[in-house]
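Report on the following structure.
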Amino acid sequence: MRALNTILLVAMAWLLLSTQTSLAASPIVLHLQNPDGGAIRGLIIGIDAYEHVRPLKGSVADARDIEQSLRQMGTNDVITLTDAQANRSSVLQHISDLVQRTTSNDLIILSIAGHGAQEPETIKGSEPDGLQDVFLLPGFAPTPEGSRQRILGSEFNHFIRQFELRGAKVLFVADTCHGGGMARDIDPRAAEMSFRQVSKYTLPVDKLVPVTNESDPVSDLDLDRTAFLAAVDRNTKAPEVKIPGIDGLRGALSYAVARAFEGGADANHDGKVTLKELFANVRQVVYQLSDQRQNVVTKASPGRSVESDVVFQLAQGPTLVAAPGPTVPPKSMIPAPPAALSRDLAVAPAPTEISAPIRLAALGSRTNNLAKLTSRNAAIEIVPPVDNPDLIWDSKSRDVISWGDVVAYGIDERDLVSVIDRTAAIRELKRIATKTPQTLRVAPDDGQYHKGRTVQIELSDVTSRAIILFDISGDGTIQMLYPLGSDAPISQTGNLRLQLKVREPFGAEQVVAVTSTKRLPDLEQAILQLDRRKAPGQLIKILNTYLSPDARVGSIGFFTAP
């Protein structure tokens, strides 16, 4: 039994045999290659500017990001439709043209980011719950004319079947949501969150005439050569999230898919990305970036092998000029030579990428001294509560809220700097963990945990990998979790499961896993020296100094309350 500041920890391991091959393959310039020998073609849609329903903030940026990733990876046949360009006639025309260009063994990438909805199914028996997914276009409204500006999920299936009949494989990415639930409630004091789903509506008169023919599949399970990635399941909302180092909001799924195209999903570095690798990578990146509010749904046609079916390959290619748009180059992590920790950190700390200010807002009257707050790890910007803050401090209750969750309770003004430093550190951890994520999950669910509840942290695919686990509490306190004492530093099993029991004080816990093919003793000792200290900034410097090139990092949080 080992104590954590907010929870008791009992470590248990189950055997799940798995084999992982790590091959060194680091070409300077990569491009996407279709393993079947055909072309790669894409139709990318992103909609923010809805005319009659609530606009979104990151869908157009999502479309541009995926377009840029495909182009800089050597894919030229990419059509991108944004906002008003994505009206129904334009979408149908471009997808029809794409069908005509498609030849045998092509890979077709279809991606749509925007609002989704659910309506009664038009093909009886196509959905278990009788509801079909619908994708809303900029001019949609629940009026006779506005009803034309949407695309039914069955219509996308119609076109996917046309691609398949021409011998192509299809990857369909839906960064929308169709349900109405949430993983956990949002604190009412938080800034308003943006979700990619509209309120329920009825259509008194529906003037949409669906595109259909007799060869259409009844459901997506009847397709043969297609893989699906959806932002959330049919009962959950997809939020627009903050991505470290990027202004504004984005869709976590689109961001993860773009990074996967750039090579992030090649887990074993063999130059081939299987469905299993793609699904696992995107699922973990989205899970981390959304603070566990999103669980991506992945699905492949029954005829495709998730284990062995290669979606795309990464091959050496010519130097390419990237299209204009946002880009986040991967960070290079090169371990420093062994040195005394205290000297190495004090004299020549590794640079960090914590640069954007932490935006702090306050509720209540006791806020006169906030402008005097200073931090060694992050700039601080005082903003109104409605101006997209990173943190909101309630001076009356002394709660600190971040993106809908209370991250720390009982925080006085003098303690705010520790929470600010933690916020900057978590931002950087998310950036690191997006590059080569270690699969790390919270069970039994992603809700808020109350006193006495048991939480389970699950690591998978860690056979023959060295493991380091530590925690950062809501007030910035660091605690080493694993290995300690008689713990085996290198796992002989596929899964490691840690059971945690919630105790006060309450707030946020960020559990971080670092795994590697060899033990990292310098990193272990450095974290141990920070054990029980409020030093999140130092922690980031340590990681940037001692992470090995083959390290995987998982960073997940869970939230507790009385």
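The values are calculated or read from the model by the stated rules, or taken from the named source; none is laboratory data. The structure presented is a predicted model; accordingly, all values stated were derived computationally and were not measured. Positions of Cβ are backbone-derived with ideal geometry, glycine not excepted, and every protein chain shown enters the neighbour counts.
Please pick out the residue among Arg283, Arg184, Arg189 that is assigned to a loop (DSSP other than H, G, I, E, B) and within 19 Å of the chain's Cα centre (by Cα).
Arg184 is the lone residue from the list that is assigned to a loop (DSSP other than H, G, I, E, B) and within 19 Å of the chain's Cα centre (by Cα).
Go through the residues of region 538-555 one by one and say whether even a single one is buried (at least 21 other Cβ atoms within 10 Å of the Cβ), among the aliphatic types (A, V, I, L, M), touching a residue at least 12 places away in the same chain (Cβ under 8 Å) and out of contact with any Leu (no Cβ under 9 Å at 6 or more places or on another chain).
No: region 538-555 contains no residue that is buried (at least 21 other Cβ atoms within 10 Å of the Cβ), among the aliphatic types (A, V, I, L, M), touching a residue at least 12 places away in the same chain (Cβ under 8 Å) and out of contact with any Leu (no Cβ under 9 Å at 6 or more places or on another chain).
Any residue at all in region 205-227 that is touching a Ser or Thr at 6+ places or on another chain (Cβ under 9 Å), on the phi > 0 side of the Ramachandran plot, surrounded by fewer than 16 Cβ atoms within 10 Å (Cβ to Cβ) and assigned to a loop (DSSP other than H, G, I, E, B)?
no
Considering only residues that are within 20 Å of Val406 (Cα to Cα) and charged (D, E, K, R), look in region 353-380 and name the one that is modelled with the lowest pLDDT.
The extreme case among them is Arg366.
Confirm whether Thr274 is over 22 Å from Gly46 (Cα atoms), β-branched (Val, Ile, Thr), modelled with pLDDT of 95 or more and surrounded by fewer than 23 Cβ atoms within 10 Å (Cβ to Cβ).
Taking the combined requirement at face value, the residue satisfies it.
Of the residues Arg196, Arg184, Arg189, which is basic (Lys, Arg), farther than 20 Å from Ser96 by Cβ, touching a Cys at 6+ places or on another chain (Cβ under 8 Å) and not assigned by TED's automatic domain parsing to the domain that holds Val407? Steps first, please.
Details: Arg184 fails: touching a Cys at 6+ places or on another chain (Cβ under 8 Å); Arg189 fails: touching a Cys at 6+ places or on another chain (Cβ under 8 Å).
The unique qualifying residue is Arg196.
Can you name the condition, by its number, that Gly181 falls short on among (1) under 30 Å from Gly404 (Cβ atoms); (2) in contact with a Gly (Cβ under 8 Å, 6 or more places away or on another chain)?
Result: Gly181 passes all but (2).
Residues of region 482-534 being farther than 18 Å from Arg552 by Cβ and among the basic types (Lys, Arg), which ones?
Lys501, Arg503, Arg532, Arg533, Lys534
So, in region 82-109, how many residues would count as being hydrophobic (A, V, I, L, M, F, W, C) and touching a helix residue (DSSP H, G or I) at 6+ places or on another chain (Cβ under 6 Å)?
Qualifying residue count for the region: 3.
Being outside any helix (DSSP H, G or I) and out of contact with any helix residue (DSSP H, G or I) (no Cβ under 7 Å at 6 or more places or on another chain) is the filter here; which residues of region 60-76 pass it?
Gly74, Thr75, Asn76
Taking region 414-440 on its own, how many of its residues are farther than 30 Å from Leu278 by Cα and either at pLDDT 90 or above or of a type in the set (A, V, I, L, M) (or both)?
8
Considering only residues that are assigned to a helix (DSSP H, G or I) and touching a residue at least 40 places away in the same chain (Cβ under 8 Å), look in region 77-90 and name the one that is nearest to Ser154 (Cα to Cα).
Arg88
Of the numbered conditions (1) part of a loop (DSSP other than H, G, I, E, B); (2) out of contact with any strand residue (DSSP E or B) (no Cβ under 9 Å at 6 or more places or on another chain), Asp387 fails exactly one; give the number of that condition.
(2)
Could you say which residue among Leu528, Leu484 is surrounded by fewer than 19 Cβ atoms within 10 Å (Cβ to Cβ), not in a loop (DSSP other than H, G, I, E, B) and not assigned by TED's automatic domain parsing to the domain that holds Glu277?
Numbers: Leu484 fails: not in a loop (DSSP other than H, G, I, E, B).
Selected residue: Leu528, the only one of Leu528, Leu484 that is surrounded by fewer than 19 Cβ atoms within 10 Å (Cβ to Cβ), not in a loop (DSSP other than H, G, I, E, B) and not assigned by TED's automatic domain parsing to the domain that holds Glu277.
How many of the residues in region 49-68 are without any contact (Cβ under 8 Å) to a residue 60 or more places away in the chain and under 22 Å from Ser147 (Cβ atoms)?
1
Conditions (1) out of contact with any Phe, Trp or Tyr (no Cβ under 9 Å at 6 or more places or on another chain); (2) under 27 Å from Val170 (Cα atoms); (3) modelled with pLDDT of 90 or more, marked per residue:
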| position | (1), (2), (3) |
| --- | --- |
| Met193 | no, no, no |
| Thr202 | yes, no, yes |
| Asp206 | yes, no, yes |
| Pro210 | yes, yes, yes |
| Ser219 | yes, yes, no |
| Leu223 | yes, yes, yes |
| Leu229 | no, yes, yes |
| Ile243 | no, no, yes |
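Okay, residues lined up against (1) part of a helix (DSSP H, G or I); (2) surrounded by 22 or more Cβ atoms within 10 Å (Cβ to Cβ):
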{"site": "Leu92", "(1), (2)": "yes, no"}
{"site": "Val99", "(1), (2)": "yes, no"}
{"site": "Ser111", "(1), (2)": "no, yes"}
{"site": "Asp129", "(1), (2)": "no, no"}
{"site": "Pro144", "(1), (2)": "no, no"}
{"site": "Ser154", "(1), (2)": "yes, yes"}
{"site": "Gly167", "(1), (2)": "no, no"}
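If you take the residues in region 503-525 that are surrounded by fewer than 23 Cβ atoms within 10 Å (Cβ to Cβ) and of a type in the set (Ser, Thr, Tyr), which one is nearest to the chain's Cα centre (by Cα)?
Out of the qualifying residues, it is Ser516.
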